[in-house]
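Visitor: My questions all concern the structure below.
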């Protein structure tokens, strides 16, 4: 009998739906509580696709993990349109991390955020503004300094409704790298994680993020793990861009930044997935160990 690695909850914490990882026993002395923040047009199921599950890896390492559904996703209540931007969602979600910590953090050293794409941008803003939660580290991917200009018109042209459904053919193209960089089961196996997204967040990430990102990064003070796919079609990617991202983290206590060759936007769904996810969880464990040493 297969034992699931996650449990879906209508109310994971603070009125947000999402997934809770299944742990296998008592925690090690230095253990993080990982909270994963999904990107646009994916639900919390992004992190639990069979064969590519971050939850499976966390279970093997006995790391407690949560993946929330951001406002408007799953059963999480949508925010008013003027608060559904990247900064608006960060302002809403940031204080709720304390509720997650109080409910799930017993026996752990603190929280490590893992964010992808728009979720990475939101998680970065949360880290930059955090003054309350015991945040130990930030691991992000699928986010950068600049987006290609043509995506502004593309996302602006989506229907003028609160929630929009990105055409599957477009999504299958922009989320993946070249043939041979992902398995034969892709992208079909990811379709259960596909969903609608608030249009305002899609427009915001290509419209205002590039003007704000340097200032946001400069306020992050925790360790940062950053990976960007070389073949990410949604961002302008080069070694120089990755270095600029890292250099902008002027107050981060530690930065591990790299470009990953022959990999597209959804790194979790490429052949590099296992290596990438183990790196993120290893980073989270190191953050917890460092916090335990400081106690």
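Each value in this text was obtained by applying a stated rule to the coordinates, not by laboratory testing. Treat the numbers as computed from the prediction; the structure is a model and nothing was measured. Glycine also receives a Cβ, built like all others from the backbone with ideal geometry; neighbour counts cover every protein chain displayed.
Visitor: Just order 237-248, 187-198 by mean Cβ neighbour count inside 10 Å, highest at the front, would you?
Guide: Order by mean packing, descending: 187-198, 237-248.
Visitor: Still on this structure: Please arrange 184, 48, 173 by counting, for each residue, the other beta carbons lying within 10 Å of its beta carbon, fewest first.
Guide: Details: 184 6, 48 23, 173 12.
Final ranking by Cβ density, sparse to dense: 184, 173, 48.
Visitor: If you take the alpha carbon radius of gyration of the chain and divide it by 2.2 N^0.38 Å, what ratio comes out, to two decimals?
Guide: 0.92
Visitor: Ok, one more. May I ask you to order 51-59, 29-37 by the average number of other C-beta atoms within 10 Å around their residues, highest value first? Present the calculation step by step, with values, prior to reporting the outcome.
Guide: Numbers: 51-59: 22.4, 29-37: 24.8.
Per-residue Cβ counts within 10 Å, averaged per peptide and sorted highest first, yield 29-37, 51-59.
Visitor: Say each of residue 158 and residue 258 gets a label point 7 Å from the Cα, pointing the same way as Cα to Cβ; how far apart are those two points in nm?
Guide: About 3.2 nm, to one decimal.
Visitor: Once every DSSP H run of n ≥ 4 in the chain is given -39500 (n - 2.57) and the sum is divided by its residues, what mean residue ellipticity at 222 nm do you get, rounded to the nearest 500 deg cm²/dmol?
Guide: On the way: 9 runs with 102 residues, N = 295.
Counting only the DSSP helices, I get -10500 deg cm²/dmol.
Visitor: Ranked highest first by average number of other Cβ atoms within 10 Å, how do 153-163, 255-265 line up? All intermediate terms of the calculation are to be shown ahead of the outcome.
Guide: Details: 153-163: 12.6, 255-265: 19.0.
Going by the mean number of other Cβ atoms within 10 Å, highest first, we get 255-265, 153-163.
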